[in-house]
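S.K.: Right, I'll just put the structure down here and ask away after.
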Amino acid sequence: MELTPAGGSPLAEAEDREQRRWNRTRTVRASCTIITIICSLFAVVLAAHIVMVLGEANPTNGVASFVRGFAGGVSLGFDGLFTPANAKAQVLFNEGLAALVWLGLGVVVTMLIRRFALPGPRRPVRYVALRRSNTDSAAPR
C-alpha cells in the first residue's frame with residue numbers, strides 16, 4: 001500500500017472530504033430550516049391578528065393583546081401604508097402584505113444560502129482528445 005506524502009491514504013482523504021461536505025450540508029439545511037420556521041411564524045402571527053380583527057375579538061383579552069403586540073413588532077413598517085376608511089380593511093391590507101413579505105423573504109434568503117453555501121454537484125473531470133481541424137480551405141465543413 002502506497003501512502004501519500006501527507007502520510008494519509010487517498011481513501012482516508014476522500015472520506016474526510018465527504019465528511020466535511022456532509023457537515024456543511026447539514027449545517028446549511030439546519031440554518032435554512034430555522035429561517036423558514038421564523039419567517040413562517042411571523043407570517044402566522046400576522047394572519048392570526050388579521051383573523052382576530054376581522055372576527056372582532058375582544059382587544060382586552062390576553063391572547064388578543066399578545067398577538068396584537070407581536071404583530072405590531074413584525075409588521076415591517078407596513079402599519080400605515082394603506083389607509084382605507086374601514087379599519088378592518090386597513091389591517092387586512094397592511095398586515096397581509098407584511099405576512100406575504102415575510103414569506104417571500106424567507107424563500108429568498110434560504111434560496112441564496114443554499115445557492116452559495118452548499119457545495120456544487122460532483123462532476124467527473126473528463127479529458128477529451130481534441131482533433132486538429134483540417135486547415136485546408138477546400139474541405140467541406
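A short reminder: the numbers here are calculations on the coordinates, not readings from a lab. Worth saying up front: this structure is predicted, and the values here are computed from it rather than measured. Here the Cβ positions follow ideal geometry from the backbone for every residue, glycine too, while neighbour counts run over all protein chains shown.
S.K.: Test of understanding: what is the full-extension gain from Leu118 to Glu18, defined as 0.36 nm times their sequence separation minus their Cα-Cα distance?
M.R.: 34.7 nm
S.K.: Give a quick list of GluC sites (Glu not before Pro) in region 1-106 that DSSP marks as loop, anything other than H, G, I, E or B, with at most 13 other Cβ atoms within 10 Å.
M.R.: Within region 1-106, the qualifying GluC sites (Glu not before Pro) (loop, at most 13 other Cβ atoms within 10 Å) are Glu2, Glu56.
S.K.: Please rank Trp102, Trp22, fewest neighbouring Cβ atoms within 10 Å first, as an exposure proxy.
M.R.: Trp22, Trp102
S.K.: Let me ask another. Can you divide the C-alpha Rg of region 10-117 by 2.2 N^0.38 Å and report the result to two decimal places?
M.R.: Relative to the rule-of-thumb radius for its length, region 10-117 sits at 1.54.
S.K.: Calculate, in nm to one decimal, what Asp79 and Val44 gain on full extension: separation in residues at 0.36 nm each, minus their alpha carbon distance.
M.R.: 10.9 nm
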